[in-house]
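For reference, the structure discussed in these notes is given below.
What follows draws every value from the coordinates through simple rules; no lab data is involved. The structure presented is a predicted model; accordingly, all values stated were derived computationally and were not measured. Reconstructed Cβ throughout: ideal geometry from the backbone, glycine too, with neighbour counts over all protein chains shown.
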Amino acid sequence: MRLKSSASRVSTVLGLLFCAAPVFAADLLQVYRAALANDQQYVAARAAADALREKAPQGLSTLLPTIGATANTTWNDNKYSTDSTDTRYNVNKQYNTNAYNVQLTQPLFRWQNYVQYGQGQLQVVQADANLAQALQDLIVRVAGAYFDVLYAQENLKAVLANKQSIAQQLEQAKKNFEVGTATITDSQEAQARYDLAIAQEIAGLNDLEVKRYTLRVIVGKDSGELNRLKPQAELKPPQPASMDQWVDAAQKDSFSVQAQQAAAEVAAKEVERQRAGHYPTLDAVANYGKNNTALSVIGSDSLETNARNVGLQLNIPIFQGGYVNSKTREAVANRVAADAALETAKRTAALNTQQSFLGVVNGLAQVRALDAALISSTSALESNKLGYEVGVRINIDVLNAEQQVYVTKSSLAKARFDTLLAQLKLKAAVGSLGEADLEQINPLFEAP
């Protein structure tokens, strides 16, 4: 009864996996577009890029005039006492003093401001490169999570199919033992493999749930059923076929390299900006002010003053306690660090490109080899089953052949998905990955 109930459950799960045909299944492009709106890592990257772009108007503002105004009003309640030869006078004076002043300052020469303006332009370039890199990372993450779900499904299919085959072999071994044509060892070996298959099924179900949740974290919702990779989907080799060409392109066009290049240039300009702390500054200054106050402490007359002036203001720094020198040394050290980070970015881009290129090339070769291995292992399984029936093969031979078919199917599915992901990573390494690339590989998938 145990074996029959287990076999029934296997058939039910297999039926759901192989035969169920949902009305709608999400394709890779749809999942990506959903993630584009909901992935919080990309939302954060977009906000960070917007913040960094504000460095440009901030730098420009240092070259434009500034206008400030001040105003004050004061209530005065004063008591005055005077002595003369015959008389003493005490006078109370109460009045308001009002004043306001407007000042316009236009920088004429502030070298650090010009340098800061240039830094702002470079930081916009850096922001754009960072955001483009974040978009490529999103594509790779979505595709990777999508492929992981599909591989987990394919692996579970293979596990369940293997389990069903082992169940049939176990049933046959028990019958053969009952009629005396097989030993108890055959049943025990089949039972051990069947128990292992149950453990693999549990692990496969758990892995599928984890992979689905990982995709849901990126997309922001459950994507439901996913389109599956076609059995005969053709995977193409990289073009151009030279790895050196891809590496050269990555060291120049990779968005991570572009972002770090802009950061290195900003660091170099920071040295110049800090050194400008030793330079004089020249501003044009215009003032307009009005002041109304009492004219006499005894009488009630008042005085109103209107002042207008325009001039140049020169400021020459002489000694600032070594602050400028220290800030310059700090900027020089940061420039060295930025240059080192740029070189690291180039080397990392080259390494990632080489790994992805080899992943595609070797992945294609592995897929071809596993395709052939699956045909061979399936034929071997059929031969071992036939040999067992006629008595020239033992039960363990059949079980081993079934295990080999399961391992080959699982390895083939993984190789196909790994190769597809390596293709996307290769394009990301050279800064050319975009939605159009997903549109190109989307037809490789079909509804389950």
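Given a Förster distance of 51 Å, report the FRET efficiency between Ala71 and Val336 from their Cβ-Cβ distance, rounded to the nearest 0.05. FRET efficiency, Ala71 to Val336: 0.55. Between Leu358 and Leu205, what FRET efficiency comes out of the Förster formula 1/(1 + (r/R0)^6) with R0 = 45 Å and r the beta carbon distance, rounded to 0.05? Computed FRET efficiency for Leu205 and Leu358: 0.85.
Modelled spin labels at Arg308 and Glu54, positioned 7 Å past Cα toward Cβ, are 3.8 nm from each other. Sorting 191-198, 169-176 by average packing, meaning the other beta carbons within 10 Å per residue, from highest down gives 169-176, 191-198.
Our note on the geometry: Cα centres of segment 202-242 and segment 136-160, 3 Å apart. Helix 243-253 and the longest principal axis of the Cα set of the chain meet at an angle near 20°. Mind giving me the FRET efficiency for Ser81 and Tyr288? R0 is 30 Å, r the Cβ-Cβ distance, nearest 0.05 is fine. About 0.20, to the nearest 0.05. Work out the P(r) tail for segment 152-217: percent of alpha carbon pairs separated by more than 14 Å, whole number. Value for segment 152-217 (Cα pairs over 14 Å): 61 percent.
Could you sort the peptides 423-429, 270-276, 304-310 by per-residue average Cβ neighbour count (10 Å cutoff), highest mean leading?
On the way: 423-429: 24.1, 270-276: 19.6, 304-310: 9.9.
So the peptides 423-429, 270-276, 304-310, ranked by packing, come out 423-429, 270-276, 304-310.
Look at the dipole of the chain built from charges on Cβ: of Leu364, Ala447, Trp246, the Cα furthest out on the positive end belongs to Trp246.
Using Cα positions and a limit of under 29 Å, work out the lysines in reach of Lys93, with same-chain residues fewer than 8 apart set aside. Excluding near neighbours in sequence, the set is Lys79, Lys290. Stretching the chain fully between Glu435 and Val102 yields a gain of 114.4 nm (0.36 nm per residue, less the alpha carbon separation).
If you place +1 on the Cβ of every Lys and Arg, -1 on the Cβ of every Asp and Glu, and leave all else neutral, what size is the dipole of segment 325-448 about its Cα centre, to the nearest 20 Debye?
600
Protection proxy ranking, highest mean first, for peptides 207-217, 399-409: 399-409, 207-217, where packing is the per-residue count of other beta-carbon atoms within 10 Å, averaged.
If one takes the longest principal axis of the Cα atoms in the chain, at what angle in degrees, from 0 to 90 and to the nearest 10, does the Cα axis of helix 111-179 lie? Once rounded, one gets 20 degrees. A straight chain from Ser383 to Glu171 at 0.36 nm per residue would run longer than the Cα-Cα distance by 74.4 nm. Annotation: lysines with alpha-carbon distance below 21 angstrom to Lys175 (same-chain offsets under eight excluded): Lys4, Lys163, Lys385. Dipole check for segment 83-203: with +1 at the C-beta of Lys and Arg, -1 at the C-beta of Asp and Glu, and the Cα centre as origin, the magnitude is about 480 Debye.
If the segment from Arg216 to Phe319 were pulled out straight at 0.36 nm per residue, it would be longer than the present Cα-Cα gap by 31.1 nm.
Give me the dipole magnitude in Debye, nearest 20, for the chain about the Cα centre, with unit charges on the beta carbon: positive for Lys and Arg, negative for Asp and Glu. Mind dumping the intermediate values first?
Details: 43 positive and 44 negative charges, 56 e Å.
Once rounded to the nearest 20, the dipole reads 260 debye.
Between segment 360-393 and segment 101-126, how many Å separate their Cα centres? Result: 71 Å between the Cα centres.
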